[in-house]
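Derivation of every value follows stated rules applied to the coordinates shown; laboratory data play no part. In this text the structure is predicted, and so the values were computed from the model without any measurement. As a convention, Cβ positions derive from the backbone with ideal geometry for all residues, glycine included, and neighbour counts pool all protein chains shown.
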Amino acid sequence: LQKQELLYEGKAKLVYSTTDENVVWIQYKNSATAFNGEKKADITGKGRLNNEITSLLFSMLTQAGIENHFIERKSETEQLVKKVDIIPLEVVVRNITAGSMAKRLGIEEGITLEQPIVEFYYKDDSLGDPLITEDHIQLLKLATPAEVDILKHVARKVNVVLSEFFEKKNLRLVDFKLEFGKTEDGRIILADEVSPDTCRLWDKDTNEKLDKDVFRRNLGSLTDAYEKILARIGGEQHV
Ligand code: C5P
């Protein structure tokens, strides 16, 4: 299997076609962005860390019976994934108040929710990825009601598996974002990445933030935080 031409460049990844029409080659970049691209930096080691962490987490989710696009890690910064059509929705699951929800609703951060909350955001940079309702999803024809049910169901299942996994690593899964894609035969599977770029992870004892909030809020070294996550979840260490 060979890497072919660049199909798409996102904020954090490059996507290449391959000699297999059902497989794409992903390269994780070192760029960090926040606030819809307003804050940017190049951080050595970030691509390697997210590639490794995402690979470990997707393999774990596969073992837990959650179908996803991950095939294999190819190199420090590259992985092979199944080709899907990404549904332009960000599915956010929250266990503890933080981030945009805390701000929007005027509530304190760090309060454990009685029930996890699922939210949908419309993936559109020009609109700033707005929060949308299920009726808006119908209006924009982004997914059918049955597909929305699948997204919510799988997102909640991923939350149970990831929360239990991180709990054992002395980490609290505060919230996270998922993206889903459609395979050629019309199945909806988990795609994109699951990493400290897309999850909020707090140390269970100290509440130390070990995720992209370190970059968003200038709390210290992002790679130090991500290395800690990788070490706890059992990856190779590079420090
Ligand atoms: O900013 P907000 O509180 O809505 O983020 C909720 C979760 O979704 C966080 O874990 C954040 O890292 C993730 N997220 C993301 N990509 C975005 C927006 C949020 O991975 N574009």
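Residues of the chain were split at every exposed loop site, defined as GluC sites (Glu not before Pro) in a DSSP loop with at most 11 other C-beta atoms within 10 angstrom, and the longest piece left, sites excluded, is 109-183. Note on segment 3-82: Lys pairs 8 or more places apart or on different chains, Cα atoms under 13 Å apart, count 9.
Averaging Cα coordinates gives a centre for segment 1-17 and one for segment 164-178; these two points are 29 Å apart.
Just want the ordering: 86, 229, from fewest to most Cβ atoms lying within 10 Å of their own Cβ. Let's see the in-between values first.
Working: 86 15, 229 24.
By the 10 Å Cβ count, ascending: 86, 229.
Please label the shape of the chain as rounded, prolate or oblate, based on the square roots a ≥ b ≥ c of the eigenvalues of the alpha-carbon gyration tensor (a/c under 1.5 means rounded; beyond that, a/b larger than b/c means prolate, else oblate). Walk me through the intermediate numbers first.
Working: a/c = 1.40, a/b = 1.06, b/c = 1.32.
It comes out rounded by the Cα gyration axes.
For the chain, excluding the exposed loop sites themselves (trypsin sites (Lys or Arg not before Pro), DSSP loop, at most 10 other Cβ atoms within 10 Å), the longest remaining stretch covers 1-140. Placing unit charges on the Cβ atoms only, positive for Lys and Arg and negative for Asp and Glu, gives the chain a dipole magnitude near 400 debye about its Cα centre.
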